[in-house]
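Below is one structure, written out as structure tokens; the observations come after it.
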Amino acid sequence: MPAYSSSVNNRKNASEEKLKIEYLLDREAIAKDDIQDVIEGLQQPQKSLPPRYFYDAKGSQLFEAICQLPEYYPTRTEAGILQQYAKKIVDRTQARELVELGSGSSTKTRYLFDAYQSLNLPLTYVPVDVSGSMLSATAEDLLKDYPQLTIRGKVATYARALKQLGENDSVNNSKRRTIAFLGSSIGNFSVSECDCFIAEVSSALNPGDYFLLGMDLQKPTAVLEAAYNDERGITAAFNLNMLQHLNHRFKGNFCLDNFRHRAIYNRAKHQIEMYLVSQKAQTVELKSLNLKVEFKPQETILTEISRKFNLAEMAKYLGKRQLKAIQTYTDERKWFGLLLCQFAT
């Protein structure tokens, strides 16, 4: 009996050494921010809502379906680039720590893990995500497939995780680090938000460390608008589901039939803009927030921007912020790009 107990404990200890998850979210502060963002957003001349309200359980399922649509090229195009160039990226960086912001299910990141495994390189993977359940389940699956991995997950916002990495890990960390931000999520940031985010990334890097950025590139309007207005209406359902999420969260009475989805490409700003358009004059109430919102016919709620980039311009922008572009990777059509940068003082 003692021998059995010792064996179990040894396996448990080994498992804990391989996988540790740190919870850094301040739920109370996030809840207050959520409430404030909704109230302020719906009271502006151009009404808006935070894109994070897309992602309740149903919204996450709809987004997974969007990624499989023939019109929606970004996910599979970026995956193809990673599949083709992952080994070169890993061989070039020789990083022993990979931080992924917004890791989700880590599906595309597996191409990098495959490269580490083929090169027989050890790796500490630091996935950062606000969903603890998603992060935990994904980490356990990854350890089954990649036994050389050590995982140090952080359930946190980008800002909180990067601040901690900059203050603690990098001071005593002799490992070369790569921070990866894939999926063109950077396109959801305004210019000022992007400036803040890049400053936070830089604060978590030491000289010689790397930043791997995925970005959707500028292309014909017809291609871009088709990607956000699919024929099956899944993107429309995804957009409208945000209102159902608000109804559930804040005891609202949004009627989804009174709104429709619209996605347009703003050529002047190089960004897709997604809206919900009120089909009539109406009043909506969110009881938990003690908020009533008046809508005129055809008045819009901005739910998301998705900026589209030029690789050379982004390389120049990052270079001014101590992130020197050392390699770019694109698909044959140059629809999507990965930019590998190295941090320098």
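The values are calculated or read from the model by the stated rules, or taken from the named source; none is laboratory data. This structure is a prediction, so every number in the text was calculated from the model and none was measured. With ideal geometry, Cβ positions are generated from the backbone for all residues, glycine too; neighbour counts draw on all protein chains shown. Note: areas computed on protein heavy atoms with side chains; ligands, DNA, RNA excluded. Shrake-Rupley method; radii C 1.70, N 1.55, O 1.52, S 1.80 Å.
Just a few scattered comments:
- Ordering of 84-91, 111-118, 263-270 by packing is 111-118, 84-91, 263-270, highest average first (other Cβ atoms within 10 Å, averaged per residue).
- Note, ³J(HN,Hα) from phi for the stretch 247-256, Karplus 6.51, -1.76, 1.60, rounded to Hz, x at Gly and Pro: 4, 5, 6, 10, 6, x, 10, 4, 9, 4
- Rounded to the nearest Hz, the phi-derived 3J(HN,Hα) couplings of the stretch 99-112 under the Karplus curve 6.51 cos²θ - 1.76 cosθ + 1.60 (θ = phi - 60°) are 9, 10, 8, x, 5, x, 8, 6, 5, 5, 5, 4, 5, 5, where x marks glycine and proline.
- In nm, spacing of pseudo-spin labels at residue 345 and residue 94 (7 Å Cα→C-beta vector): 2.1 nm
- Acute angle (nearest 10 degrees) that the helix 74-93 long axis makes with the longest principal axis of the chain, alpha-carbon atoms: 30 degrees
- In this label model, residue 68 and residue 277 are separated by 3.0 nm, measuring between points 7 Å along each Cα→Cβ vector.
- Mean Cβ neighbour count within 10 Å, used as a protection proxy, ranking 249-257, 96-104 highest first: 96-104, 249-257
- Average accessible area per residue (Å²) across the chain - probe 1.4 Å, nucleic acids and ligands excluded: 49 Å²
- Accessible surface of the chain [probe 1.4 Å, protein heavy atoms]: carbon and sulfur percent: 49 percent
- Amide H contacts of residue 123: 150, each under 5 Å away and 5 or more positions distant or on a separate chain (H built 1.01 Å from N in the peptide plane; Pro and chain starts excluded).
- Residues in the stretch 226-245 reached by a label modelled at residue 46 [backbone nitrogen below 11 Å; 7 Å Cα→Cβ]: none
- 0 to 90° range, to nearest 10: angle between helix 132-145 axis and the chain longest Cα axis: 40 degrees
- Taking 0.36 nm per residue of separation and subtracting the Cα-Cα distance, full extension of the segment from residue 248 to residue 189 would add 18.6 nm.
- Amide H to amide H, with H built 1.01 Å from N, residue 99 comes under 5 Å of 126, 178, 179, 180, counting only residues 5 or more places away or on other chains.
- Residue 31/residue 292 FRET efficiency (R0 22 Å; Cβ-Cβ; nearest 0.05): 0.55
- 0 to 90° range, to nearest 10: angle between helix 27-42 axis and the chain longest Cα axis: 30 degrees
- Cα-projected label distance for residue 231 with residue 203, points at 7 Å along beta-carbon direction, nm: 4.8 nm
- Of every Cα-Cα pair in the stretch 17-160, the percent that sits beyond 20 Å: 58 percent
- The H on the amide N of residue 229, modeled in the peptide plane, is under 5 Å from the matching H of no residue at least 5 residues off or on a different chain.
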